[in-house]
Amino acid sequence: MKRHNADEGTVVVMEVKTGHIKAISNLRSDGHGEFYEKFNHAVGGSIEPGSTFKLVTMLALLEDTNLALTDSINTGNGEYTFYNRKVRDHHDGGYGKLTVQQAFELSSNVAMAKLTDKYFGTKPSKFLAHVDDLKLSKPLGLQLTGEAYPKITRPTDKGWSGITLPWMAYGYGLEITPLHTLTLYNAVANDGTMIKPVFVTSVSKADRIKQDFETEKLTGKICSNKTLNQLRILLEGVVENGTAKNLKNAHYRIAGKTGTAQILENGRYEKRYITSFVGYFPAHAPKYSAIVLIKNPRGFYQYGNNVAGPVFKDIADNIFARDINLHMAMEKTKTLEPGVFPTIHAGKQDELTMISNELGCFKSFGYRGRMD
């Protein structure tokens, strides 16, 4: 946050199988170069998720249509008009013709909007049914107070129009909390089972446990196994070939999605952004999921891949290095031949002789420098 002179930042790390929140931090700038914790944005902050919501769009498309990841979509010059409103891609000049997988990996807004309008434009309630099934339209029922209520526009609402669904396809026109987004991505990592984030595992009085809290499922499988496998391919592809290639490393694989959403202020979008990255690691056998959001970074870098993404990788690298269970055991190698002992170079001779004789390993002394 200091590096980018940002206004606010949020990070949450979750254990995939249990839902245990292992770490959480919410910071805000004091306007003088320092940061402090004032508000729990992860729980109480309702925001437009931006491109991290494209996972929902792809889940709906893969579940309800015959769309394949190898199918093509023409994104043209990166602009497409819906009802006199333009959808734009961040890439200057556009991407032209892409496969569906490439469109997700490169985070094409045009592709997501066109596909959603094509398959759900006349039946938006079918798309919104997935939003409801994924528990994104209601509070999660956390153990903490102050949880924000999501804002999801419906066709029966006054604010609904022809552009609402295409905009929703890439994460605009709706608001959810960072923990909603993390819980969804954690479900993909957890073989499709969505579980409630856990902040408290037990309550004790003195040394006696008064109450235990077990991991709670929020829903059954979020989608079919076929769709789940395709979603994993997409999320790994973002890091391998797409917008988050800068997070790729040789030691373990990260799966996730970048996000960059313009900030809505007084009904108008400003040239300020909320950057994000959400995902899980190691991708082949996920143990942890995490989300990073950084609001209003200033300077040249203002996107999810170069602001929030590196923070995610720093945290993931630290956890990966410390968790011995994430590493393969190294093959034991002998460094010395049996019966051959190292030369003792320095020390007090009579004591070293006594120790060597006691241990049965006296061999020779090869003193260097002064002997005390």
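The values are calculated or read from the model by the stated rules, or taken from the named source; none is laboratory data. The shown structure was predicted, so the numbers you read here are calculated from the model rather than taken from an experiment. Note: ideal-geometry Cβ built from the backbone for every residue, glycine included; neighbour counts use all protein chains shown.
When region 251-264 is examined, which residues are found to be touching a Lys or Arg at 6+ places or on another chain (Cβ under 8 Å), part of a strand (DSSP E or B) and either surrounded by fewer than 16 Cβ atoms within 10 Å (Cβ to Cβ) or at pLDDT 85 or above (or both)?
Of region 251-264, the ones touching a Lys or Arg at 6+ places or on another chain (Cβ under 8 Å) are 254-255, 257, 262-263.
Add one more test, that the residue is part of a strand (DSSP E or B), and what stays is 255, 257, 262-263.
Correct list: Ala255, Lys257, Gln262.
Does region 174-193 include one or more residues that are on the phi > 0 side of the Ramachandran plot and in contact with a Lys or Arg (Cβ under 6 Å, 6 or more places away or on another chain)? Yes, because at least one residue in region 174-193 is on the phi > 0 side of the Ramachandran plot and in contact with a Lys or Arg (Cβ under 6 Å, 6 or more places away or on another chain). If the condition is being among the acidic types (Asp, Glu), surrounded by 15 or more Cβ atoms within 10 Å (Cβ to Cβ) and within 22 Å of the chain's Cα centre (by Cα), then region 90-143 contributes Glu105, Asp133. Taking residues in region 203-224 that are in contact (Cβ under 8 Å) with a residue 12 or more places away in the chain, and partners anywhere that are surrounded by 13 or more Cβ atoms within 10 Å (Cβ to Cβ) and acidic (Asp, Glu), the pairs with Cβ atoms closer than 6 Å and at least 6 places apart or on different chains are Cys223/Glu63. Evaluation of Thr70 against the conditions (1) touching a Ser or Thr at 6+ places or on another chain (Cβ under 7 Å); (2) part of a strand (DSSP E or B); (3) touching a residue at least 24 places away in the same chain (Cβ under 8 Å) shows that the sole unmet condition is (2). One residue stands out in region 325-359 among those that are among the β-branched types (Val, Ile, Thr) and in a loop (DSSP other than H, G, I, E, B): the one that is modelled with the lowest pLDDT, namely Thr335.
Scanning region 132-184 for residues that are within 24 Å of Ser202 (Cα to Cα) and among the polar types (S, T, N, Q) yields Gln143, Thr145, Thr183.
Within the set Lys245, Lys271, the sole residue that is charged (D, E, K, R), in the same structural domain as Thr18 (by TED's automatic domain parsing) and surrounded by 13 or more Cβ atoms within 10 Å (Cβ to Cβ) turns out to be Lys245.
Test of understanding: among Ala60, Ala42, which residue is of a type in the set (A, V, I, L, M), surrounded by 18 or more Cβ atoms within 10 Å (Cβ to Cβ), within 21 Å of Gln262 (Cα to Cα) and touching a residue at least 40 places away in the same chain (Cβ under 8 Å)?
Working: Ala60 fails: within 21 Å of Gln262 (Cα to Cα).
Matching residue, one of Ala60, Ala42: Ala42.
All conditions but one from (1) closer than 23 Å to Leu247 by Cα; (2) surrounded by fewer than 19 Cβ atoms within 10 Å (Cβ to Cβ); (3) not hydrophobic (A, V, I, L, M, F, W, C) apply to Tyr170; the one that does not is (2). For region 28-43, the condition of being farther than 22 Å from Gly171 by Cα, in contact with a helix residue (DSSP H, G or I) (Cβ under 9 Å, 6 or more places away or on another chain) and either outside any loop (DSSP other than H, G, I, E, B) or small (Gly, Ala, Ser) (or both) holds for at least one residue. In the set Pro297, Pro286, only one residue is part of a loop (DSSP other than H, G, I, E, B), within 23 Å of Asn249 (Cα to Cα), touching a helix residue (DSSP H, G or I) at 6+ places or on another chain (Cβ under 9 Å) and not charged (D, E, K, R); that residue is Pro286.
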